[in-house]
Amino acid sequence: AVVRTIRNAFEKDPQQMANNKQLQQVVDEYNNTKRSAFKQKFSRKQVNENEDLEGIYIRQKIKELADAKELQYKDNLQDLKKGNIITIHLDLKKTANGFEKQRRQFNEIATFIKFEHGNVICELLKPYNDIKIVEVPIYYTENIGQFDDA
């Protein structure tokens, strides 16, 4: 992303990128710009030079992650077991069915397989031609119940 940002700065005249002085000016400007990740208070350079600021940022992100996980536990999203029947919101934009009209709703029924990297791996009960097993963000799922094999 950094290289793309710098390259975009020279979009009108890419030959200027070969000018070391101008390239250094763009890099300095990039490093000294206050970032939204730090709530517009600090630049990358300030954070890199001050370990306390970096530590504050890391602790803040760890707390945000813990809060998100706590919400998931409150909503029983972490209680899924293999075989649970769940409804999912399946985003079809990147598939062959990408132009079907849809709203963000729980539009598919699936069986839970496992958690992977904070996402849910599940098998669709009514698979599409090219889609049978899908990976969706955990907050795109709702638990319906346990599948009885009887």
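Computed from the coordinates by the stated procedures, all read-outs in this text should not be read as laboratory data. This structure is a prediction, so every number in the text was calculated from the model and none was measured. All Cβ positions, glycine included, derive from the backbone under ideal geometry; neighbour counts span all protein chains shown.
General observations
- Length gained on full extension, Asp28 to Leu124: 29.5 nm, using 0.36 nm per residue less the C-alpha separation.
- Once the Cα-Cα distance is subtracted from the 0.36 nm per residue extended length, the Glu11 to Lys45 segment shows a gain of 9.8 nm.
- Highest to lowest packing among 135-144, 122-131, scored as the average C-beta count within 10 Å: 135-144, 122-131
- Filter on Lys69/Lys126; Lys81/Lys126; Lys39/Lys69; Lys61/Lys126 - keep pairs with C-alpha separation over 27 Å: Lys69/Lys126; Lys61/Lys126
- Projection of the Cα convex hull of the range 1-91, averaged over all directions and equal to a quarter of that hull's surface, yields 10.3 nm².
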